[in-house]
Amino acid sequence: MTNTDNPYGGLAEDDAHAGDQWAFGTGFTAALAGVDTALPVGIDQDDLALYCQMLGDDALVAAQRLIQWSTAAPELEEEMALANIALDLLGQARLLLARAGQVDGSGRDEDAFAYLRDAREFRNVCLAETPNGDFAHAVVRLLVLSAWRLALFTRLADTADPVLAAVAAKGSKELAYHREYAVRWTLRLGDGTPESRDRMTAALDQVWPLTGELFATHPVEARLADQGAAVDPAGVRAEVGEVVARVLVAATLEVPPAVPVPEPTGRAGLHGPELAAMLHEMQSVARAHPEATW
Amino acid sequence: MAMEPAAVRDRPTGQELTADFDARIAAHQRIEPRDWMPEGYRSTLVRQIAQHAHSEIIGMQPEGDWLTRAPSLRRKAILLAKVQDEAGHGLYLYAAAETLGVDRADLTQRLIEGRQKYSSIFNYPTLTFADVGVIGWLVDGAAICNQVPLCRSSFGPYARAMVRVCKEESFHQRQGYELLLQMMAGTPAQRTMVQDAVDRWWWPSLMMFGPPDADSPNTRQSMAWGIKRDTNDELRQKFVDMSVPQAVALGVTLPDPDLAWNAERGHHDFGAVDWAEFKRVVSGGGQCNAERVSRRRAAHEEGAWVREAAAAYAAKHQGTGQGDDR
């Protein structure tokens with residue numbers, strides 16, 4: 001603010017420099033500035049577009065669940081941290097969904113993917129979509145999802161699509177923080193009070209059965225992985241399992257036995273009814289005003 | 001005559017302390033937490049800063065209600081960042097209050113028990129997504145008008161907090177106004193939404209400056225102490241004068257038939273604020289008073305086991321470098 005006596009100065013005027021001060025507006029370096037956006041040669045475009053949706057939907061749906069924590073977090077610091085994590089994931093989702101629209105040739109933008117698809121077309125893993133529980137549930141889900149996504153993104157940093165590689169490189173730093181945050185809270189709650197320990201155990205019981213799907217390979221992932229354009233999630237199972245187990249042990253919690261890997265469900269567009277309900281709310285305003293721009 | 005012990009002789013008397021404090025206020029010097037201050041100054045500041053902190057935290061709710069439904073991902077990110085900023089402002093302000101010897105947990109308790117207030121504006125509901133833009137433009141705008149002079153508050157921690165808060169608020173205001181510009185350039189339904197939101201938020205925004213000067217018993221003392229720099233009516237007039245051209249540029253009508261430029265005064269005349277409504281909402285009769293406080297209470301109470309666990313963990317791991325990372 002240059003003029004402290006008139007904070008309104010330049011608000012509506014044609015102020016050439018105003019854009020420099022706007023978050024998310026003009027004047028900021030685009031997240032992908034300088035990244036080659038050409039399509040990688042020899043990679044099936046429909047497959048790649050679907051893969052971008054899978055990774056984008058994981059982030060979007062997980063962000064939407066975190067957003068539902070707004071004004072309900074146990075402490076103001078957690079209010080800020082959860083919003084921060086949601087913002088990171090939202091940012092990843094936007095880039096990935098926008099890339100999907102470039103790659104598949106449809107020209108659809110991020111909002112077309114987020115607001116105009118039905119649940120059946122969402123490709124996120126089901127663990128991201130299950131309804132929120134208590135803070136222990138949020139911590140356990142975040143621990144598993146961030147450890148898994150970080151393992152994927154680390155390996156995607158040199159993937160065939162330069163955009164996906166750039167998103168993964170940037171996202172890895174964010175995910176390392178998300179995982180760190182979840183680890184710290186896992187330690188506090190696991191090794192805190194008897195109640196917090198019971199709640200963590202209950203949260204593990206809820207989350208754990210859904211972790212098998214994280215390592216199920218969808219045919220799209222298998223084909224792209226063969227071409228160096230994706231990471232086969234089956235390949236990160238050992239690492240993720242080990243990371244999570246080490247944290248649970250440090251938190252004095254019991255490590256549940258590994259669950260069998262099912263056929264892909266969420267990745268195949270098969271979801272629980274809760275996703276449809278969540279999307280119904282998320283998409284309500286956008287769909288009520290199809291001609292509008294926001 | 002017996003000699004006075006040196007320690008007693010050197011300790012300044014109440015009168016001397018007061019004189020020194022008054023001189024510093026008169027010289028526009030900052031009062032810092034360790035400085036002596038009159039009890040009335042301290043308690044007035046605690047009340048004002050706590051009320052401000054509570055307003056930031058309760059203020060997350062009306063806009064936060066649109067987070068899950070924001071109609072584009074860009075708007076969702078902007079709104080989420082804004083609501084997060086408000087949590088940050090609340091934290092920052094609670095920390096400023098703590099320099100005066102109170103603690104955050106106690107202030108939160110006072111809020112959820114209804115013993116301390118927050119800005120009444122947040123007791124109105126947000127009915128459409130246009131409300132998000134209008135809150136940015138008018139409510140944040142009014143907050144900025146109130147807070148910019150507080151950057152010169154005589155109490156150092158509060159003044160410094162206000163510098164940062166005002167910068168971010170001005171950001172929010174621009175974002176809100178930009179949303180409204182976009183909506184006014186959109187469909188007829190969007191324009192109707194914007195006008196409707198302006199109609200609902202204009203008068204409550206004017207109430208944000210507090211009762212008229214004649215009915216504001218605390219203003220004189222607060223101004224004398226340098227806690228407050230302008231009167232309620234002065235700030236309200238300033239807000240009206242600044243908002244009118246913004247409304248014209250936006251293409252909306254402010255819902256006041258008496259609003260007119262008065263060349264003689266060099267200000268806009270405007271209609272009478274409904275102070276009966278203000279009093280009703282302040283004293284708990286607004287549409288959302290109960291909901292706002294009960295949601296804050298629920299979050300606080302449902303989070304108790306988490307805070308207890310964090311404390312227990314920190315106690316167990318004291319000195320190991322594991323428990324004290326927050």
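The values are calculated or read from the model by the stated rules, or taken from the named source; none is laboratory data. Predicted model only: the values in this text are computed from it and were never measured. Counting neighbours? That spans all protein chains shown, and the Cβs are built from the backbone with ideal geometry, glycine included.
Condition check: more than 14 Å from every other protein chain (Cβ to nearest Cβ) and under 21 Å from A:Thr211 (Cα atoms). Does A:Leu164 satisfy that?
Numbers: more than 14 Å from every other protein chain (Cβ to nearest Cβ): yes; under 21 Å from A:Thr211 (Cα atoms): no.
In short, no.
So which of A:Thr186, A:Thr217, A:Thr211 is modelled with pLDDT of 95 or more and either surrounded by fewer than 22 Cβ atoms within 10 Å (Cβ to Cβ) or not polar (S, T, N, Q) (or both)? Even if it seems obvious, please write down each step before you answer.
Values: A:Thr186 fails: either surrounded by fewer than 22 Cβ atoms within 10 Å (Cβ to Cβ) or not polar (S, T, N, Q) (or both); A:Thr211 fails: either surrounded by fewer than 22 Cβ atoms within 10 Å (Cβ to Cβ) or not polar (S, T, N, Q) (or both).
Answer to the check: A:Thr217.
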- helices (runs of 4 or more DSSP H) contained in the range A:225-294 and holding at least 1 residues of a type outside the set (Lys, Arg), under 17 Å from A:Val207 (Cα atoms) and within 14 Å of chain B (Cβ to nearest Cβ): A:237-250, A:273-282
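Check whether at least one residue in the range A:150-164 is part of a helix (DSSP H, G or I) and out of contact with any helix residue (DSSP H, G or I) (no Cβ under 8 Å at 6 or more places or on another chain), and report yes or no. Break it down stepwise before answering.
Residues of the range A:150-164 part of a helix (DSSP H, G or I): A:150-156, A:162-164.
So of that shortlist, the ones also out of contact with any helix residue (DSSP H, G or I) (no Cβ under 8 Å at 6 or more places or on another chain) come out as A:162.
Looking through the range A:150-164, at least one residue is part of a helix (DSSP H, G or I) and out of contact with any helix residue (DSSP H, G or I) (no Cβ under 8 Å at 6 or more places or on another chain).
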- Which of the residues spanning the range B:235-268 are touching a Lys or Arg at 6+ places or on another chain (Cβ under 9 Å) and either among the basic types (Lys, Arg) or under 14 Å from B:Trp203 (Cβ atoms) (or both)? B:Pro255
- Query: Restricting attention to the range B:60-75, which residues are assigned to a loop (DSSP other than H, G, I, E, B) and either without any contact (Cβ under 8 Å) to a residue 40 or more places away in the chain or at the interface with another protein chain (Cβ under 7 Å from one of its Cβ atoms) (or both)?
  - Reply: B:Pro71, B:Ser72
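On the given criteria, is B:Asp199 over 23 Å from B:Asp35 (Cα atoms), modelled with pLDDT of 95 or more and either of a type outside the set (Val, Ile, Thr) or over 15 Å from the mean Cα position of the chain (by Cα) (or both)? Show your work before the answer.
On the way: over 23 Å from B:Asp35 (Cα atoms): yes; modelled with pLDDT of 95 or more: yes; either of a type outside the set (Val, Ile, Thr) or over 15 Å from the mean Cα position of the chain (by Cα) (or both): yes.
It is true that B:Asp199 is over 23 Å from B:Asp35 (Cα atoms), modelled with pLDDT of 95 or more and either of a type outside the set (Val, Ile, Thr) or over 15 Å from the mean Cα position of the chain (by Cα) (or both).
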- Item | Hits in the range A:71-108 - residues which are over 29 Å from B:Glu56 (Cα atoms), among the hydrophobic types (A, V, I, L, M, F, W, C) and in contact (Cβ under 8 Å) with a residue 60 or more places away in the chain | A:Leu95, A:Leu96, A:Val103
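In the range B:94-119, which residue that is touching a Ser or Thr at 6+ places or on another chain (Cβ under 9 Å) and hydrophobic (A, V, I, L, M, F, W, C) is farthest from the other protein chains (Cβ to nearest Cβ)? Reasoning before the result, please.
Taking the range B:94-119 as the starting set, the residues that turn out to be touching a Ser or Thr at 6+ places or on another chain (Cβ under 9 Å) are B:94, B:100, B:112, B:117-119.
Subsequent filtering for residues that are hydrophobic (A, V, I, L, M, F, W, C) retains B:100, B:112.
On the way: B:Leu100: 19, B:Ile112: 13 Å.
Checked the range B:94-119; the qualifying residue farthest from the other protein chains (Cβ to nearest Cβ) is B:Leu100.
Residues that are touching a residue at least 40 places away in the same chain (Cβ under 8 Å) and within 13 Å of another protein chain (Cβ to nearest Cβ): which helices (runs of 4 or more DSSP H) entirely in the range B:149-231 hold 1 or more of them?
On the way: elements: B:156-184, B:188-207, B:219-224.
Because the criterion is at least 1 residues that are touching a residue at least 40 places away in the same chain (Cβ under 8 Å) and within 13 Å of another protein chain (Cβ to nearest Cβ), the helices (runs of 4 or more DSSP H) in the range B:149-231 that meet it are B:156-184, B:188-207.
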- Could you list, in sequence order, all residues of the range B:76-86 that are touching a residue at least 60 places away in the same chain (Cβ under 8 Å) and either more than 7 Å from chain A (Cβ to nearest Cβ) or not hydrophobic (A, V, I, L, M, F, W, C) (or both)? B:Lys82, B:Asp85
- Restricting the first residue to the range B:281-293 and requiring it to be over 16 Å from B:Pro62 (Cα atoms), which pairs with a second residue that is polar (S, T, N, Q) meet a Cβ separation below 6 Å and a spacing of at least six or different chains? B:Val282/B:Ser120
- Message: Any residue in the range A:215-238 that is under 15 Å from A:Trp148 (Cα atoms) sitting within a Cβ distance under 6 Å of a residue that is of a type in the set (Lys, Arg)? List the pairs, counting only those 6 or more apart or interchain.
- Response: A:Phe215/A:Arg237; A:Val231/A:Arg155
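If we scan the range A:195-204, do we find a residue that is more than 29 Å from A:Ala49 (Cα to Cα), hydroxyl-bearing (Ser, Thr, Tyr), in contact (Cβ under 8 Å) with a residue 60 or more places away in the chain and surrounded by 15 or more Cβ atoms within 10 Å (Cβ to Cβ)?
Quick first cut of the range A:195-204, residues more than 29 Å from A:Ala49 (Cα to Cα) only: A:195-204.
Within this subset, residues satisfying the condition of being hydroxyl-bearing (Ser, Thr, Tyr) are A:196, A:201.
If we keep only those that are in contact (Cβ under 8 Å) with a residue 60 or more places away in the chain too, we end up with A:196.
Okay, now just the ones that are also surrounded by 15 or more Cβ atoms within 10 Å (Cβ to Cβ), so A:196.
Yes.
On the basis of being assigned to a helix (DSSP H, G or I), at the interface with chain A (Cβ under 10 Å from one of its Cβ atoms), touching a Gly at 6+ places or on another chain (Cβ under 8 Å) and in contact (Cβ under 8 Å) with a residue 12 or more places away in the chain, does B:Asp140 make the cut? Please lay out each step first, then the result.
Details: assigned to a helix (DSSP H, G or I): yes; at the interface with chain A (Cβ under 10 Å from one of its Cβ atoms): yes; touching a Gly at 6+ places or on another chain (Cβ under 8 Å): yes; in contact (Cβ under 8 Å) with a residue 12 or more places away in the chain: yes.
The answer is yes for B:Asp140.
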- Item | Positions within the range B:250-290 being surrounded by 14 or more Cβ atoms within 10 Å (Cβ to Cβ), within 14 Å of chain A (Cβ to nearest Cβ) and under 21 Å from B:Thr192 (Cβ atoms), in sequence order | B:Leu250, B:Val252
- Note on the structure: If we keep only residues of the range A:179-197 that are at the interface with another protein chain (Cβ under 8 Å from one of its Cβ atoms) and small (Gly, Ala, Ser), then the residue nearest to the chain's Cα centre (by Cα) is A:Ser196
- Failed condition for A:Ala72, given (1) over 23 Å from A:Val125 (Cα atoms); (2) crowded, with 22+ Cβ neighbours inside 10 Å, with all others met? (2)
- Can you tell me which residues in the range A:109-126 are in contact (Cβ under 8 Å) with a residue 60 or more places away in the chain, of a type in the set (Asp, Glu) and within 19 Å of A:Ala292 (Cα to Cα)? A:Asp111
- Item | Residue within the range B:120-135 that is within 9 Å of chain A (Cβ to nearest Cβ), modelled with pLDDT of 95 or more, buried (at least 22 other Cβ atoms within 10 Å of the Cβ) and out of contact with any strand residue (DSSP E or B) (no Cβ under 6 Å at 6 or more places or on another chain) present | yes
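Within the bounds of the range A:55-67, is there any residue that is without any contact (Cβ under 8 Å) to a residue 24 or more places away in the chain, within 13 Å of chain B (Cβ to nearest Cβ) and over 26 Å from A:Ala229 (Cβ atoms)?
Pass one, the range A:55-67, residues without any contact (Cβ under 8 Å) to a residue 24 or more places away in the chain: A:67.
Adding the requirement that they be within 13 Å of chain B (Cβ to nearest Cβ) leaves A:67.
Then keep just the ones that are over 26 Å from A:Ala229 (Cβ atoms); that gives A:67.
Looking for residues that are without any contact (Cβ under 8 Å) to a residue 24 or more places away in the chain, within 13 Å of chain B (Cβ to nearest Cβ) and over 26 Å from A:Ala229 (Cβ atoms), one finds at least one in the range A:55-67, hence yes.
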